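Q: Provided herewith is a single structure, encoded as structure tokens, for subsequent inquiry.
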Amino acid sequence: MADRHEQVKKRIDALYNMLIEHDGYGEMSIDFRILKRGQKEVVIRCGKQYRYVVDSSVDSLKA
């Protein structure tokens, strides 16, 4: 699920760049929710909601 972590990071980066280039007000928030089986749900809010389920173990990031 390391690919999923990369998808989350890419989405955050893209939204951040969009907000910086925008000529008006912008807001982004990120929530983490604990799920069963060692997973977390990541919810990114920036006009829309982007939801991802990722492994919460640090070992999954090293792969």
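Q: Please list, in order along region 32-41, the HN-Hα scalar couplings obtained from phi with the Karplus expression 6.51 cos²θ - 1.76 cosθ + 1.60 (θ = phi - 60°), rounded to whole Hz, x for Gly and Pro.
A: Running phi through 6.51 cos²θ - 1.76 cosθ + 1.60 with θ = phi - 60° gives 10, 10, 7, 10, 6, 6, x, 10, 10, 9 Hz.
Q: Taking only protein heavy atoms and a 1.4 Å probe, what accessible area per residue, in Å², does the chain have with all protein chains in place? Please list the in-between numbers first.
A: Values: 4950 Å² over 63 residues.
Result: 79 Å² per residue.
Q: In whole Å and largest first, what semi-axes does the C-alpha gyration tensor of the chain yield when each eigenvalue is scaled by 5 and square-rooted?
A: Numbers: eigenvalues 128, 34, 10 Å².
Computed over the chain, the values are 25, 13, 7 Å.
Q: Roughly how tilted is helix 2-21, in degrees to the nearest 10 and between 0 and 90, from the longest Cα axis of the chain?
A: 10
Q: A follow-up question, please. Over the chain, with every protein chain in place, what whole percent of the accessible area is carbon and sulfur at 1.4 Å, could you tell me?
A: Numbers: 2500 of 4950 Å².
Result for the chain: 51 percent of the exposed heavy-atom area is carbon or sulfur.
The values are calculated or read from the model by the stated rules, or taken from the named source; none is laboratory data. The structure presented is a predicted model; accordingly, all values stated were derived computationally and were not measured. Areas reflect the complete protein model, heavy atoms only, side chains present, ligands, DNA and RNA absent. Shrake-Rupley method; radii C 1.70, N 1.55, O 1.52, S 1.80 Å.
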